[in-house]
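Handing you a structure now.
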Amino acid sequence: MKVIARALLPLTFAAAAGAQIQTGSQAMDQVIRSLDARRDAYADVAKQIWSYAELGYQEDKSSALLQSQLRAAGFDVRAGVADMPTGFVATWGTGRPVIGIVGEFDALPGLSQKTVPQRDPVQQGAAGHGCGHNLFGTASTAAAIAVKQWLETTHHAGTLRFYGTPAEEGGAGKVYMLRAGLFDDVDVVVSWHPGDRNDVSPVSNLATISAKFRFHGISAHAAAAPDKARSALDAVEAMDNMVNMMREHVPQTTRIHYVITSGGRAANVVPDFAEVEYVARHPDMHVLDGIWERIVNAAKGAALGTGTTMDFEVTGATYNVLPNDYLASLQLKNLQKVGGVTYAPEERTFAESIRQTLSEPMLPLGSEAQIQPIRSEIVYASTDLGDVSWRVPTAQLTTATWVPGTSAHSWQAVAAGGMSIGAKGMMVAAKTMTLTAIDLFSDSTRIRKAREEFERRRGANFVYKSRMDRTKPALDYRKATN
């Protein structure tokens, strides 16, 4: 299918041809105005990606659309990086510093939803952008283009690099980019994520390991010859029972999830193949290593006890995020300058209807216009940006792209992310990331301070090592195995 792209042609910061760009706060104001001028075009890009709703490593149209915007703005785009057809890197400039901006664009299965405040899928069972990555990739693209134009106009030295990172939702695309050395020369990474609030708190999260466990047995007639069969489904259920009992004996910050992706095709045929997908999480990767070993041992025991065989494929493994207080303070200054989201009357009506579907909203309506105070805590989610943060000092913020109280991975997030509420929060993120990247290009001492904290938090003896044993990305990880 042809990607419909509205090229975002360069827009100079000067008010008229030949005018000179000003410095300091006036230059920053010009940057913000340049983004405002493109607001509708970027909202259109985000809505197109929202409508594509492509799963991890299948984001062909979404990736192509973002690449087209960056090429039109003058970036050199390299596609298909790190053995990922939808992964790409867009570069402008030369020399140091090297500042990276990250963008994601994959959707989640089963979350199709119209832009209405009640559950109503566009297509039953189809994918939807329940984590707002349609907004994520677009805002990051907008920021990269604005920073490039600022660098070009002000003649600042340095290299700006945009990373189009696929399959964040369980596919760990950024890990393969790290393995390929694509972040090796980066000084600082600037990123963000959609949410229900405006926040730059340097929080950490959960490290994660995920895999598909596949059991192989012997099929036979379930009534006439059950003694001749060895059920692969029995093995899956035995593994699940053992892991569920294990939950009582792991640290309380542990999270373990599973779903049976293949359990047989007919009740009267003993399944000779069954598959279960597991995700395990903990705030510390080293603790998670031990928990994961126990899960694997449960799978081995299940196979032994049921007379089947087992193999497993690690599809993802990501570190917890390494916070950086200095970079958070830099982003806070810029987020406060940009400000939050102001709802129009029809958006407030939509938000009030959405909130009636939420069980326990944590923030009041109106908080979308506020900047949340800095806090230090662990959030119970995971991202492959965690690996990046252990290799490169990383700044991340959240903006109010969803109605306050909305959880990620929900139909409510899909609904808001496909309409003007999501677009408004997206532009707050684009402006804040733009100003932060400009700060880093403008003053090398800021990069030095971020690096000093980064080295201190990692520790002198830290060596990054991915937990994924795959040599290439699991491009089919979203597809059930038969």
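The values are calculated or read from the model by the stated rules, or taken from the named source; none is laboratory data. Worth saying up front: this structure is predicted, and the values here are computed from it rather than measured. Glycine also receives a Cβ, built like all others from the backbone with ideal geometry; neighbour counts cover every protein chain displayed. In case anyone asks, the SASA skips ligands and DNA or RNA and just uses the protein heavy atoms, side chains included. Shrake-Rupley method; radii C 1.70, N 1.55, O 1.52, S 1.80 Å.
Of the residues that make up the stretch 224-231, is at least one free of Cβ contacts under 8 Å to residues at least 60 places away in the same chain, closer than 24 Å to residue 477 by Cβ and either crowded, with 18+ Cβ neighbours inside 10 Å or within 31 Å of the chain's Cα centre (by Cα) (or both)?
no
Criterion first (in contact with a strand residue (DSSP E or B) (Cβ under 6 Å, 6 or more places away or on another chain) and modelled with pLDDT of 95 or more) does residue 54 satisfy it?
no
Same structure, new question: So which of 142, 107, 72, 79 ends up being within 29 Å of residue 407 (Cβ to Cβ), of a type in the set (A, V, I, L, M, F, W, C) and over 13 Å from the mean Cα position of the chain (by Cα)?
Sole residue among the options that is within 29 Å of residue 407 (Cβ to Cβ), of a type in the set (A, V, I, L, M, F, W, C) and over 13 Å from the mean Cα position of the chain (by Cα): 142.
Can I ask one more? Please go through the stretch 167-217 and give me each residue that is among the aliphatic types (A, V, I, L, M), closer than 26 Å to residue 256 by Cβ and in contact with a Pro (Cβ under 9 Å, 6 or more places away or on another chain), ordered by number. Working first, answer last.
Narrowing the stretch 167-217 to residues among the aliphatic types (A, V, I, L, M): 167, 172, 175, 177-178, 180, 182, 186, 188-190, 200, 203, 206-207, 209, 211.
Next cut, closer than 26 Å to residue 256 by Cβ only: 167, 172, 175, 178, 203, 206-207, 209, 211.
Those that are among the aliphatic types (A, V, I, L, M), closer than 26 Å to residue 256 by Cβ and in contact with a Pro (Cβ under 9 Å, 6 or more places away or on another chain): 167, 172, 175, 203, 206, 207.
Residue 86 - would you say it is under 23 Å from residue 175 (Cβ atoms), hydroxyl-bearing (Ser, Thr, Tyr) and touching a residue at least 40 places away in the same chain (Cβ under 8 Å)?
yes
Would you confirm whether or not the stretch 104-119 contains a residue that is open to solvent by less than 30 Å² (accessible area, probe 1.4 Å), β-branched (Val, Ile, Thr) and either at pLDDT 95 or above or over 19 Å from residue 53 (Cβ atoms) (or both)?
no
For every residue, the table says whether it meets (1) on the phi > 0 side of the Ramachandran plot; (2) part of a helix (DSSP H, G or I); (3) buried (at least 22 other Cβ atoms within 10 Å of the Cβ); (4) out of contact with any Leu (no Cβ under 8 Å at 6 or more places or on another chain).
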| site | (1), (2), (3), (4) |
| --- | --- |
| 162 | no, no, yes, no |
| 177 | no, yes, yes, yes |
| 184 | no, no, no, yes |
| 190 | no, no, yes, no |
| 202 | no, no, yes, no |
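Looking for something without any contact (Cβ under 8 Å) to a residue 40 or more places away in the chain, out of contact with any Gly (no Cβ under 8 Å at 6 or more places or on another chain), open to solvent by 50 Å² or more (accessible area, probe 1.4 Å) and not in a loop (DSSP other than H, G, I, E, B) - is there at least one such residue anywhere in the stretch 266-277?
no
Continuing with the same structure: Residue check: is residue 251 assigned to a loop (DSSP other than H, G, I, E, B), in contact with a Ser or Thr (Cβ under 8 Å, 6 or more places away or on another chain) and modelled with pLDDT of 95 or more?
Against the criterion (assigned to a loop (DSSP other than H, G, I, E, B), in contact with a Ser or Thr (Cβ under 8 Å, 6 or more places away or on another chain) and modelled with pLDDT of 95 or more), residue 251 does not qualify.
Same structure again: Can we say residue 395 is within 19 Å of residue 139 (Cα to Cα), touching a Gly at 6+ places or on another chain (Cβ under 7 Å) and of a type outside the set (D, E, K, R)?
Spelling it out, it is not the case that residue 395 is within 19 Å of residue 139 (Cα to Cα), touching a Gly at 6+ places or on another chain (Cβ under 7 Å) and of a type outside the set (D, E, K, R).
For the stretch 218-232, which positions are part of a helix (DSSP H, G or I) and among the basic types (Lys, Arg)?
228
In the stretch 297-328, which residue that is free of Cβ contacts under 8 Å to residues at least 40 places away in the same chain and of a type outside the set (Lys, Arg) is least open to solvent (accessible area, probe 1.4 Å)?
Just the residues of the stretch 297-328 that are free of Cβ contacts under 8 Å to residues at least 40 places away in the same chain, to begin with: 297, 300, 304.
In the following step, the residues that additionally are of a type outside the set (Lys, Arg) were identified as 297, 304.
On the way: 297: 79, 304: 148 Å².
Checking each candidate, the answer is 297.
For residue 383, are the conditions met, namely being touching a residue at least 12 places away in the same chain (Cβ under 8 Å) and hydroxyl-bearing (Ser, Thr, Tyr)? So that I can check it myself, show each step before the final result.
Details: touching a residue at least 12 places away in the same chain (Cβ under 8 Å): yes; hydroxyl-bearing (Ser, Thr, Tyr): yes.
Yes.
Among the residues of the stretch 300-317 satisfying the criterion of being hydroxyl-bearing (Ser, Thr, Tyr) and modelled with pLDDT of 95 or more, which is nearest to the chain's Cα centre (by Cα)?
The selected residue is 309.
From the set of residues in the stretch 344-373 that are of a type in the set (S, T, N, Q) and over 24 Å from the mean Cα position of the chain (by Cα), which is surrounded by the fewest Cβ atoms within 10 Å (Cβ to Cβ)?
Restricting to residues being of a type in the set (S, T, N, Q) and over 24 Å from the mean Cα position of the chain (by Cα), the top hit is 359.
Still on this structure, I have one more. Has the stretch 91-103 got any residue that is open to solvent by 40 Å² or more (accessible area, probe 1.4 Å), within 23 Å of residue 197 (Cα to Cα) and not β-branched (Val, Ile, Thr)?
Taking every residue of the stretch 91-103 in turn, none turns out to be open to solvent by 40 Å² or more (accessible area, probe 1.4 Å), within 23 Å of residue 197 (Cα to Cα) and not β-branched (Val, Ile, Thr).
Looking at residue 235, is it open to solvent by less than 20 Å² (accessible area, probe 1.4 Å), modelled with pLDDT of 95 or more and either under 19 Å from residue 212 (Cα atoms) or not in a helix (DSSP H, G or I) (or both)?
So residue 235 passes the test.
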